Amino acid sequence: MKETRKPHADDKFCGISRLKLFLLALSLAFIGKTMTGAYLNSMYTQIEKQFNIPASLVGIINGSFEIGNLLLIAFVSYFGGKFHRPKIIALGCTVFAFGCLLTSFPHFLFGRYHIESSVSPQENSSVVSLCHANQSLTSLPTEEPSTECEKEPESLLWIFVMVGNLIRGMGETPVVPLGISYLEDFAKTENSPFYQGELTITPADVRWVGAWWLGILICALVNFLAGLPFWFLPRSLVKEGEISESEKTGKKEGVLLEGNEQKETKQSMYEIAKDFIPFLKALLRNPVYMLFIVISVLQFSAFIGMISFMPKYLEQQFGKSASDAIFLIGIYNLPIICLGYFFGGLFMKKFKINTYQAAHIACWVTFLDYLLYFSAFWTICDTSPVAGLTVSYEGIDQLSYAENTLLADCNRDCDCTLKVWDPVCANNGITYVSSCLAGCKASTGTGKSVVFENCTCVAAAEFPFQNTSAILGQCDKGGNCDKMLQYFLILQLVGSFIFSLAAMPGFMVLIRSLKPEEKSFGVGIHELAARVFAGIPSPVFFGALIDTTCMKWGTKSCGGEGACRIYDIVKYRWIYLGLPALLRGVSFIPGVITLFILKKKLKSERNVSLNAPVELQDKGQ
């Protein structure tokens, strides 16, 4: 029977328990990495626009974080547990911060961002692209890029973002497996779940690029500072409620730790690595552990795909600016997820839930969120009317991916380029790809205040307005769309809270399915599987599917295809909401199988405990 004692002075630093200090430092590290991940996910739409790249390439940049993690996760989770874990976590935080700095480099090398516009950079700012009727189409300027333009270096600066992401992934590697195993080793069993707890565009324009790099610099500082406390924490602690070796022998704890570290340092790499294969085999033969990995891969694939492209979805579906979309995600999602983790851990601690009960809670709470999720299919807005793409020039609904439908009788003689996205909103509520394609022959004002007049295509609409003018930018979605956005965000808030409540019970199933000596390695292999089969392919796959719904691509300054400007929102919605629904639905199959295995295991353990007194009595006779 284990001896219990009051906290010893050697366990404290400035009167605070060292385990509590580690928990605080780990919490800061988790906040730093989560804040950075959430921030970068919300900034990918800005990066896509700045570098004029498709969503599939954005998915690859996103997945590079998982690749960096993948390179080290197995090595760190196995060998890291045999060395000074706090110092390894500190090193990881420092590397993570360096990756953030590297990600921000393109801003300082890129120079001024050039907005895609039909206005020539050589023209005066007050001069706009208008319809010049009765001119031959053969007089159009060539749109072929020059040789000098193709050599511009800015087009490849997204590689810095990808490499920075990869380094971030390498730095994040030790935080989860070593941090969680450290807590599990030295915290009371019932406490561990609780502890883990001159512009012509506006920000609403799809071409707007904000200061995405600024937040990354802040994230770099936060992660660097979060790593500092780990350098000063001991390699090991006394488990809560147990007597330390220093109290038993009378020696100082520092002397004991130094002696132990010297002994372990003398071990050869062979002695450290000899259990690698047996541990791996034991994990592969653990049915609960393997099923949990399958569940995690399916759930993470859905989650990562959705969170990566949520800002873009809010922009395209509800007509929100990139900054508004990012702000709404932060307000409605992140705080409530933290609350869910906290209350999930608190619930596990207070009621001392066993593994079977934790699995039941995780399964059915997640299923409740899954049912609620389908309500999002009804929180939709009407497709924005864009002449030549989603409606005809007469205002009749139609969908077209072909470029030639941008031309009509009202603008056929206007010498308009079909490549540029420079939208204007007419008084009839229809958006036109450019003022030239709207047939506008005059303009007044400059910059954001310019008004286009005498627009022949506006007059050609099914319900023509006497005032055939247009202003810069796309038309608003309307008041009903704002209401639908509120419903969608409320559903997200409730769903995020319910889903995060299930996270801690689910994680406890993973931890308690492992033997004490397998925990660090087991958590690492779980992370490895999640990165390989979900974190890397999911954003790439989602991005590639989303690209197939693009109706109008932007144009790079050199003439190549840039980022998508407008999507077929109906197809986009079915991909964005439908694919995660499918993945999450399939994940309940291994979830139910896990419940049956744990139930059978619980029954066998009860039978053993009931038979034990009888066997002891027989031996006594």
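The values are calculated or read from the model by the stated rules, or taken from the named source; none is laboratory data. Note that the coordinates shown come from a computational prediction; the quantities given were computed from them, not determined experimentally. Here the Cβ is made from the backbone with ideal geometry for all residues, glycine too, and neighbour counts use every protein chain on show. Heads up: the accessible areas ignore ligands, DNA and RNA and are worked out on the full protein's heavy atoms, side chains in. Shrake-Rupley method; radii C 1.70, N 1.55, O 1.52, S 1.80 Å.
To keep it simple, each residue is scored yes or no on (1) at pLDDT 85 or above; (2) farther than 27 Å from residue 317 by Cα; (3) of a type in the set (A, V, I, L, M, F, W, C).
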{"position": "453", "(1), (2), (3)": "yes, yes, no"}
{"position": "457", "(1), (2), (3)": "yes, no, yes"}
{"position": "468", "(1), (2), (3)": "no, yes, no"}
{"position": "496", "(1), (2), (3)": "yes, no, no"}
{"position": "505", "(1), (2), (3)": "yes, yes, no"}
{"position": "523", "(1), (2), (3)": "no, yes, yes"}
{"position": "542", "(1), (2), (3)": "yes, no, yes"}
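Can you say whether residue 425 is part of a strand (DSSP E or B), under 20 Å from residue 315 (Cβ atoms) and open to solvent by 20 Å² or more (accessible area, probe 1.4 Å), as far as the supplied structure shows? Judged against the criteria, residue 425 is a match.
Close contacts from the stretch 25-51, counting a first residue that is closer than 22 Å to residue 325 by Cβ and a second that is polar (S, T, N, Q), with Cβ to Cβ under 6 Å and a gap of 6+ residues or different chains, come to 41/308.
Residues in the stretch 371-395 that are part of a helix (DSSP H, G or I) and open to solvent by less than 60 Å² (accessible area, probe 1.4 Å): 372, 373, 375, 376, 377.
Each row is one residue, and each column tells you yes or no for (1) modelled with pLDDT of 75 or more; (2) basic (Lys, Arg); (3) part of a helix (DSSP H, G or I).
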position: 4; (1), (2), (3): no, no, no
position: 27; (1), (2), (3): yes, no, yes
position: 47; (1), (2), (3): yes, no, yes
position: 52; (1), (2), (3): yes, no, no
position: 56; (1), (2), (3): yes, no, yes
position: 59; (1), (2), (3): yes, no, yes
position: 66; (1), (2), (3): yes, no, yes
position: 71; (1), (2), (3): yes, no, yes
position: 74; (1), (2), (3): no, no, yes
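In the stretch 207-229, the residue that is modelled with the lowest pLDDT out of those that are open to solvent by less than 10 Å² (accessible area, probe 1.4 Å) and more than 12 Å from residue 103 (Cα to Cα) is 207.
Of the residues making up the stretch 320-370, just one is acidic (Asp, Glu) and either open to solvent by 20 Å² or more (accessible area, probe 1.4 Å) or in contact with a Leu (Cβ under 6 Å, 6 or more places away or on another chain) (or both), namely 324. Where residues in the stretch 280-305 are touching a Phe, Trp or Tyr at 6+ places or on another chain (Cβ under 7 Å) and within 15 Å of residue 538 (Cβ to Cβ), which of them is least open to solvent (accessible area, probe 1.4 Å)? Per the criteria, the residue is 305. Would you point out which residue out of 619, 519 is modelled with pLDDT under 85 and in contact with an Asp or Glu (Cβ under 6 Å, 6 or more places away or on another chain)? Result: 519 is the single residue among 619, 519 that is modelled with pLDDT under 85 and in contact with an Asp or Glu (Cβ under 6 Å, 6 or more places away or on another chain). Identification of helices (runs of 4 or more DSSP H) wholly contained in the stretch 444-524 with 3 or more residues that are open to solvent by 20 Å² or more (accessible area, probe 1.4 Å) and either of a type in the set (Asp, Glu) or more than 20 Å from residue 177 (Cα to Cα) (or both) yields 479-501.
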